[in-house]
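Asks: To start, I am sharing the structure in question, which I have written as structure tokens.
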Amino acid sequence: ATAAPTPAALAQRLVVCALEDKLDLLYAFVRAHVASKTLVFVSTCAQARFLLEALRGARPGAPLAALHGKQSQAKRVAVFRAFAARSGGAVLVATDVAARGLDVPDVDWVVQLDAPEDADAYV
């Protein structure tokens, strides 16, 4: 299968930072875009759970949720629907596998926390 072309209106940016600065940088990004709908992709279910709890503890001011494969199907559907229905700011931390193929409306920012292993899955 051929990957779909990158949407023309999509602006991509790369930020390189030290590993120990990554969470602080993400927190600052979320705080700066608290009114935005943000989707954060991570590689593993453990990362999704950890990041959700770390952000909750830091209280960035936006509703937070996680979507990953260790959740029941019913939980994933409920989390996805709640995030998709939001009209204001919110952050969804998701594994790329759990969110693959989902069409999330009105997302302002997509953050790929780590470099993707598969370039086709990235776009």
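Asks: Could you work out the helix-only [θ] at 222 nm for the chain, with each DSSP H run of four or more residues adding -39,500 (n - 2.57) and the total divided by the number of residues, to the nearest 500 deg cm²/dmol? Kindly include the intermediate steps, with their values, before the conclusion.
Replies: Numbers: 5 runs with 46 residues, N = 123.
Counting only the DSSP helices, I get -10500 deg cm²/dmol.
Asks: Where does each of 29-41, 78-90 land if you order them by average Cβ count within 10 Å, highest first? Can you show the working numbers first?
Replies: Numbers: 29-41: 17.8, 78-90: 14.8.
Highest to lowest by the protection proxy: 29-41, 78-90.
Asks: Given R₀ = 22 Å, what would the calculated FRET efficiency be for residue 114 paired with residue 24, taking r from the Cβ atoms and rounding to 0.05?
Replies: Here the calculated transfer efficiency is 0.90.
Asks: Another one. Report in % the part of the accessible area of the range 11-115 that belongs to carbon and sulfur, leaving out ligands and nucleic acids; probe 1.4 Å. Write down the numbers at each step before the final one.
Replies: Numbers: 3490 of 6240 Å².
For the range 11-115, the apolar C and S fraction of the accessible surface comes to 56 percent.
Asks: Right, next: Give a residue-ordered list of calculated ³J(HN,Hα) values for the range 88-93 (Karplus: 6.51 cos²θ - 1.76 cosθ + 1.60, θ = phi - 60°; whole Hz; x for Gly, Pro).
Replies: Once θ is set to phi - 60°, the couplings for the range 88-93 become x, x, 6, 10, 10, 9 Hz.
Asks: Let me ask another. For the chain, compute the orientation-averaged projected area of the C-alpha convex hull (one quarter of its surface), in nm². Working shown, then result.
Replies: Numbers: hull surface 31.5 nm².
The directionally averaged projection comes out at 7.9 nm².
Asks: Okay, next question. Once amide H atoms are placed 1.01 Å from N in the peptide plane, what residues at a sequence separation of 5 or more from residue 67, or on another chain, have their amide H within under 5 Å of its amide H?
Replies: Under 5 Å from the amide H of residue 67 lie the amide H atoms of 93, 94, 95, each far enough along the sequence or on another chain.
Asks: Which net charge results when you count Lys and Arg as +1 and Asp and Glu as -1 among the other residues whose beta-carbon is under 11 Å from that of residue 93? Walk me through the numbers before you get to the answer.
Replies: Numbers: positive: 49, 56; negative: 53.
Spelling it out: positives minus negatives among the neighbours equals +1.
Asks: Okay, next question. Relative contact order for the chain using alpha-carbon pairs under 8 Å, separation at least 6, rounded to a whole percent? Intermediate values should be presented prior to the final figure.
Replies: Numbers: 150 pairs, mean separation 43.6, N = 123.
RCO, the chain: 35 percent.
Asks: Enter the accessible area per residue of the range 5-109 (Å², integer; probe 1.4 Å; all protein chains in place). Walk me through the numbers on the way to the answer.
Replies: Details: 6460 Å² over 105 residues.
Ligands and nucleic acids excluded, the result is 62 Å² per residue.
The values are calculated or read from the model by the stated rules, or taken from the named source; none is laboratory data. Fair warning: this is a prediction, and the values are worked out from it, not measured in the lab. Methodologically, a virtual Cβ is constructed for each residue, glycine included, from the backbone with ideal geometry; neighbour enumeration extends over all protein chains shown. Heavy atoms of the whole protein, side chains included, go into the accessibility calculation; ligands, DNA and RNA do not. Shrake-Rupley method; radii C 1.70, N 1.55, O 1.52, S 1.80 Å.
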